[in-house]
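Each remark here refers to the structure printed beneath this line.
Nothing in this text is a laboratory measurement; each read-out follows from the coordinates by a stated rule. Source: prediction; values computed, not measured. Backbone-built Cβ (ideal geometry, glycine too); neighbour counts: all protein chains shown.
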Amino acid sequence: MSKSVGRLELDRDQVRQARRLARQVGKPIVKVAKQHTTVSVERATLRLAGLAGADVDGIPWVNRLVDCVRGDVGLEHGVSLPVWDALRRGEAATLDELAQKAAAGSVRFEMPEGREATRARSEARRAVHSGLKKVDARRRERERMIARVGDAPRKPWIYLIVATGDIYEDIPQAQAAAREGADVIAVIRSTGQSLLDYVPEGATREGFAGTYATQENFRLMRAALDETSKELGRYVRLTNYASGLCMPEMAVMAGLERLDMMLNDSMYGILFRDINPIRTFVDQRFSRQVHARAGIIINTGEDNYLTTADAVEAAHTVTTSQLLNEYFAKEAGLEDWQLGLGHAFEIDPDVPDSFRLELAHAMLARDLFPDAPLKWMPPTRHMTGDVFRGYLLDGFFNLVGALTGQGILLVGMMTEAVVTPWISDRDLALQNVRYVMNAAGNLHEDFRPAKDGFIERRARQVLTETIELLEDIALDTDDAGHAPLLAAIADGTFGLMKRPADAGKGLDGVARTSSAYYNPATEILEGD
Amino acid sequence: MAEQPREPRGTSHLVRPYGDTTGDGMVQVSFTLPIPHSKAAEGAAAQLAHKMGIEPAMVVHAKPMGEGFTFFVVYGRVNHLVDLSQVEVVERDYPLLTPKEVNAAVRRSLRRRLVVVGGCIGTDAHTVGIDAILNIKGFAGEKGLEYYRELKVVNLGAQVSVPDLVARAQAEKADAVLVSQVVTQRDAHLLNTREMAAAFREAYPAERRPLLIVGGPRFDETMAGELGVDRVFSRGTTPAEVASYLVHRLASGPDAGRMAS
């Protein structure tokens, strides 16, 4: 028995091989990430140093300042040395003032050298360190609150979504959802926010199919849920998105405002939003380092693979992505308990044995990542206007969740693809979850798939296909000599989407770092 | 309740809902009222059902939901008749062609391949609709448009911005642009479609504009004019229907070219 892993009795050597391949594929990407910076990483660093707010046109000061520095000395050295050098030279008394003066065109930035550089460096480090101390304090505050008011009483955590577009409408909805049983509230972002290269400011009321992620909206919602947590005697977690072009800044804002979970996938932005691959990998690494420090649980986006591809044929792409997400997450300092690796119940219900296949896939994820919470996503693709059939499908989804010990369960709505959930849809959905958990929540104690039976065989097949895919990726090449994973993404290995390393949104915000590059945030996050 | 006189099956234009007996008129509805659960709340639900034409109405289930809301399930008999002769729908107004016939028509009238650019606009990541129509794999046992030799298909995939869609349509010299919209929160599908239609009108002279087609499960097929597109396809549309429509509009005459609008 020592040679097998988990209830599926997976071959230990095969599991090791899969992880080794993920490391082999991921490592050159980490090297690329270390050799580059992005406008968003630099803006996130300024946010940690305390620069906030926006000009009269709503353009954040971090954007204005980074753009000015970039115009004078380029992006490749990072903004920290030129910015704190300018402060030392007395161009302005504070970071805010410097940003305003720079935007007005009255500051000229230069790269300090020698002793001047050393001094700018230590002052930048001090400023950014104080921001990270705030993040640390918020993490301790979360731990204290959980100790005092109590944690979610059971696993999986029940995850519900609000998305009105208006933060002041979201708040009562989120509080009501928590009272109805949600352990985690996710506020969906406004349509298209991921493609904005800046973070909007202030409390917002006019989002579109979702609410803008802003630091003020984060603060308002967290404060409201703190109240509700105290009222209910259990800590209600808050989720938002560290994805898109401002991924690093979202992570910093989440750390500063004590968000608890963030959607943060290593390749989603590349494949589904056509964001430049290098931009994504650089931003992702920085954001994950911040999440690690802030004690934030990440949720990865493997469910998305199954909204565009067949869930049986593409099962191994989910496992492959989970292994890559795990590698990148651990490299950035996240621990197992912070890895909400995603997967979804998306097999066509007309496929024979679809439930057994779902069970095999979910058990594979559970056995491969025994200490990760795992995020279990409900059916969307095969939900039709037949809400009655959808309700049954959601019940089977919940049953797989119960049988495989999922950590985070996104509640499926029978009106998926019909309307945004009504109050009755949400209540019925929660009744469905409660019934299944109450009736079968401990069934995993009794359930063992038959040795060499359908489920074990299917899981082994998916693992084998995963290893084959990772091997293919590891051997992939392109003319430009990019890392194999970049070459694989460029030639359409993941679905139909071909995403070359030298194209995509946000590419102009990427720079290869010079030997003089300095970023105090990265230094502290990697050093501590 | 007096027994309704029955006409022979198949001859009447008038029908009633069917529960388990012809002519019983039985329906089932569910709804929420913003009042706490009580005997009076159940009476309120029965009153609503009555006003909806359900008589007698049986409130078979009432459950408190959240604070101050009650959910009801009601069964009962409606007194309305459905007149089949008065039903209005958009019927297919073009012949359904086989892939072979589509290819032949394109070859004959355009003397080049017909270019179709497709994608999901806005933040919609659900490519299931556009893929069902465009991917060779197709839908409901029918091959998608990529299978048609005389159609050149450019599938831009998910979350294509409207400016990108216009730019690609221009670069590819698209004859038709297909857009799929699944996400309908706050009428995103309708707003996105209008935005797309306006962008194409701005970018092209009227006589050069490609045919604009949108599809998705929640679209109303009668809304094409209002949305500024040439055609709306709703749930259950197959690739052959789309291909046949393309031929009908773009390749049905010897000198058919881009549409004149």
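Some observations on this one:
- Summing charges over neighbours of A:Arg7, with a neighbour being any other residue whose Cβ is under 12 Å away from its Cβ, gives -2 when K and R count +1 and D and E count -1.
- The local environment of A:Ser122, defined by Cβ-Cβ distances under 14 Å, has a net charge of +2 under the rule Lys, Arg +1 and Asp, Glu -1.
- Cβ-based net charge around A:Ser424, under 13 Å, with every Lys or Arg adding one and every Asp or Glu removing one: -1
- Values of log10 I(q)/I(0), in the order q = 0.18 Å⁻¹, for region A:311-388 under a Debye, Cα-only, solvent-free model: -0.75
- Extreme residue, positive dipole direction of chain B, given options B:Leu14, B:Val87, B:Thr193 (C-beta unit charges): B:Thr193
- Estimated 222 nm signal from helices in chain A, with DSSP H stretches of n ≥ 4 weighted -39500 (n - 2.57), rounded to 500: -17000 deg cm²/dmol
- Where trypsin sites (Lys or Arg not before Pro) fall in DSSP loop in region A:416-515, at most 16 other Cβ within 10 Å: A:Lys451, A:Lys498
- Entries of A:Lys230/A:Lys330; A:Lys27/A:Lys375; A:Lys27/B:Lys143; A:Lys498/B:Lys173; A:Lys505/B:Lys100; A:Lys27/A:Lys451 with Cα pairs more than 31 Å apart: A:Lys230/A:Lys330; A:Lys27/B:Lys143; A:Lys505/B:Lys100; A:Lys27/A:Lys451
- Among B:Asn155, B:Asn79, B:Asn103: highest mean-square fluctuation, GNM of chain B, C-alpha pairs under 10 Å: B:Asn79
- Diffusion coefficient of region A:36-128 by Stokes-Einstein, Kirkwood radius over Cα pairs, 20 °C, 1.002 mPa s: 167 µm²/s.
- Per-residue Karplus couplings for region A:26-41, computed as 6.51 cos²θ - 1.76 cosθ + 1.60 with θ equal to phi - 60°, are listed in order as x, 4, x, 5, 4, 4, 4, 4, 5, 8, 10, 10, 9, 4, 6, 4 Hz, Gly and Pro entered as x.
- Isotropic mean projected area of the C-alpha convex hull, region A:398-456 (nm²): 5.2 nm²
- DSSP bridge analysis restricted to chain A gives an antiparallel fraction near 20%, rounded to the nearest 5.
- In angstrom, the C-alpha Rg and Dmax of region A:430-510 are 21.1, 57.
- Euclidean distance between Cα centres, region A:115-192 to region A:382-397, Å: 32 Å
- Sequence-distant residues sharing a close amide H with A:Lys505 (under 5 Å, placed H): A:Ile275, A:Asn276
- Built amide H within the under 5 Å cut-off of B:Gly19, gap 5+: B:Asp24, B:Gly25, B:Met26
- Phi to ³J(HN,Hα) by Karplus 6.51 cos²θ - 1.76 cosθ + 1.60 over region A:357-369, Hz, x for Gly, Pro: 5, 4, 5, 4, 5, 5, 5, 4, 4, 4, 6, 6, 10
- Every Cα-Cα pair in region A:84-181 was counted, and those over 15 Å apart are 76% of them.
- Cα-based shape type of region B:99-250, given that a ≥ b ≥ c are square roots of the gyration tensor eigenvalues and the cut on a/c is 1.5: oblate
- Cleavage-rule hits (GluC sites (Glu not before Pro)) in region A:331-420: DSSP loop, at most 16 neighbouring Cβ within 10 angstrom: A:Glu335
- Inter-label distance for A:Thr384 and A:Ala474, nm, one decimal - labels placed 7 Å from Cα along Cα-to-Cβ: 4.4 nm
- Residues whose placed amide H lies under 5 Å from that of B:Leu211, excluding near-sequence neighbours: B:Ala176, B:Val177, B:Met259
- For region A:123-224, the normalised intensity computed at q = 0.21, 0.23 Å⁻¹ comes to -1.13, -1.19 (log10 of I(q)/I(0), Debye sum over alpha carbons, equal scatterers, no solvent).
- Computing Rg and the Kirkwood Rh from the Cα coordinates of region A:356-407 gives a ratio, Rg/Rh, of 1.02.
- What the Cα convex hull of chain B gives, in volume per residue, is 177 Å³.
- In loop segments of region A:31-134 as defined by DSSP, the GluC sites (Glu not before Pro) with at most 14 further C-beta atoms inside 10 Å of their C-beta are A:Glu110, A:Glu113.
- Only the Cβ atoms of Lys and Arg (+1) and of Asp and Glu (-1) were treated as charged; on that basis the dipole of chain A about its Cα centre amounts to roughly 1640 debye.
- The antiparallel fraction among DSSP beta bridges confined to chain B stands at about 50%.
- Taking the convex hull of Cα positions in region B:14-86, its mean projected area over all directions (nm²): 5.3 nm²
- Per residue, the average separation of C-alpha pairs within less than 8 Å and at least 6 apart gives region B:14-86 a relative contact order of 39 percent.
- Cα radius of gyration and Dmax for region A:210-341 (Å): 15.3, 46
- Phi-derived couplings, Karplus 6.51 cos²θ - 1.76 cosθ + 1.60 at θ = phi - 60°, listed residue by residue for region A:217-234: 4, 4, 5, 4, 5, 5, 5, 5, 6, 4, 4, 5, 4, 5, 4, 8, x, 8 Hz, with x used for Gly and Pro.
- Mean projected area in nm² (Cα convex hull; one quarter of hull surface) for the protein assembly as shown: 39.2 nm²
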